[in-house]
Amino acid sequence: MAKKTHKELMELAIIEARKTMNKDLGGPFGALVINDKNEIISVASNTVLGDNDPTAHAEINAIRKATKKLGTHDLSGCTLYTTAYPCPMCLGAIIWSNIKKVYYGCIESDADEIGFRDDFIYKFIENKRKDISILDLEEKERSTCLKLFKEYKDKNKPLY
């Protein structure tokens with residue numbers, strides 16, 4: 001079997017995105033995960049509207065499908081293709097899953113131009129999370145919660 005090109009892989013993500021987009025289940029976002037042999041592990045799209053789930057972005061859905069299929073939380077050696085530059089949540093999920101290479105199609109301003117609002121989250125993070133009109137973060141009961149963290153460490157639970 002011939003190795004799929006970047007264009008062929010991105011077209012698969014686009015086809016998946018178009019399916020749910022045209023059913024009003026989500027936006028124009030598709031993603032797929034391949035392994036180091038260029039084999040497709042998962043293909044997914046954005047299903048935020050259909051699932052009533054703000055975390056059901058294409059990248060998250062593709063990662064969830066891939067980890068379930070492979071039986072691991074660690075996607076080291078895998079590559080992700082996505083139709084748009086990942087939002088902050090998806091970037092976090094990609095990093096936590098140990099994917100080290102991402103190919104994306106549209107850039108941040110392309111999503112902004114059609115009304116998607118990732119930029120305010122980047123600005124919130126860049127401004128040290130101080131804009132309470134976006135999110136009011138306040139530390140409470142740290143010493144109480146640290147006991148739980150210490151218990152986890154003392155029991156030599158796995159880190160991920």
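Taking the square root of 5 times each eigenvalue of the Cα gyration tensor, what semi-axes in Å does the equivalent ellipsoid of the chain have, largest first?
30, 23, 14
Taking H as built 1.01 Å from N, whose amide H comes closer than 5 Å to the amide H of Ser42, not counting residues under 5 places away?
Excluding prolines and chain starts, which carry no amide H, the hits are Val33.
For a protection proxy built on the mean count of beta-carbon atoms within 10 angstrom, sort 120-127, 31-38, 19-26 highest first, please.
On the way: 120-127: 11.9, 31-38: 19.1, 19-26: 15.8.
Highest to lowest by the protection proxy: 31-38, 19-26, 120-127.
Return the sequence-ordered ³J(HN,Hα) values of the range 102-116 in whole Hz as given by the Karplus equation 6.51 cos²θ - 1.76 cosθ + 1.60 applied to θ = phi - 60°, using x for Gly and Pro.
For the range 102-116, the Karplus-derived couplings read 10, 10, 10, x, 5, 9, 3, 5, 5, 5, 4, 5, 9, x, 7 Hz, x marking Gly and Pro.
Using the Karplus equation 6.51 cos²θ - 1.76 cosθ + 1.60 (θ = phi - 60°), what ³J(HN,Hα) coupling, rounded to whole Hz, does each residue of the range 132-141 give in order, writing x for Gly and Pro?
Those phi angles translate into 6, 6, 8, 7, 9, 9, 9, 6, 9, 6 Hz.
Quote to one decimal, in nm, the extra length available between Trp96 and Asp74 on full extension: 0.36 nm per residue of separation minus the C-alpha distance between them.
That pair, Trp96 and Asp74, stretches by 7.1 nm at full extension.
For Asn156 and Lys130, what does the FRET efficiency come to when R0 = 41 Å and r is the distance between their Cβ atoms, rounded to the nearest 0.05?
With a Förster radius of 41 Å, E is 0.65.
Could you sort out which of Lys23/Lys100; Lys130/Lys157; Lys69/Lys130; Lys69/Lys101; Lys123/Lys153 sit more than 29 Å apart by Cα distance in this structure?
Check vs 29 Å cut-off fails for Lys23/Lys100; Lys130/Lys157; Lys69/Lys130; Lys123/Lys153.
Calculate, for the chain, the solvent-accessible area per residue in square angstrom, rolling a 1.4 angstrom probe over the heavy atoms of the protein chains. Walk me through the intermediate numbers first.
On the way: 11230 Å² over 160 residues.
Per-residue value: 70 Å².
What percent antiparallel are the DSSP beta bridges of the range 1-123, to the nearest 5?
Numbers: 9 of 14 bridges.
That works out to approximately 65 percent antiparallel.
Between Ser143 and Asp110, what FRET efficiency follows from the Cβ-Cβ distance if R0 is 45 Å, with the result rounded to 0.05?
0.45
Please report, in debye to the nearest 20, how large the charge dipole of the chain is about its Cα centre when each Lys and Arg carries +1 at its beta carbon and each Asp and Glu carries -1 there. Don't jump to the answer; show the numbers that get you there.
Details: 25 positive and 24 negative charges, 162 e Å.
Here the size comes out at about 780 debye.
Once you have a ≥ b ≥ c as the square roots of the Cα gyration tensor eigenvalues for the range 66-139, tell me rounded if a/c is under 1.5, and otherwise prolate or oblate according to whether a/b is larger than b/c.
Oblate.
In square angstrom, rounded to the nearest 10, how much accessible surface does Lys153 have for a 1.4 Å probe?
150 Å²
How large a share of the accessible area of the chain, in percent, is made up of carbon and sulfur atoms when the probe is 1.4 Å and the other protein chains stay in place?
It is 56 percent, rounded to a whole number.
At 1.4 Å probe size, put Glu59, Glu16, Glu138, Glu11 in order of accessible surface, largest to smallest. Show your work: numbers first, answer last.
On the way: Glu59 10, Glu16 45, Glu138 125, Glu11 80 Å².
Putting Glu59, Glu16, Glu138, Glu11 in descending order of accessible area: Glu138, Glu11, Glu16, Glu59.
How would Ile134, Ile99 rank on accessible area, largest to smallest, probe 1.4 Å?
The ordering from most to least exposed comes out as Ile134, Ile99.
What percent does the relative contact order of the chain come to when contacts are Cα pairs within less than 8 Å and at least six residues apart?
15 percent
If you fit an axis through the alpha-carbon atoms of helix 6-22 and take the longest principal axis of the Cα set of the chain, what angle between them do you get, 0 to 90°, nearest 10?
Taking Cα atoms only, the helix is inclined about 80 degrees.
The values are calculated or read from the model by the stated rules, or taken from the named source; none is laboratory data. From a predicted model like this one, the values you see are computed outputs, not experimental measurements. Methodologically, a virtual Cβ is constructed for each residue, glycine included, from the backbone with ideal geometry; neighbour enumeration extends over all protein chains shown. Protein only, heavy atoms only, side chains kept; ligands, DNA and RNA dropped before computing areas. Shrake-Rupley method; radii C 1.70, N 1.55, O 1.52, S 1.80 Å.
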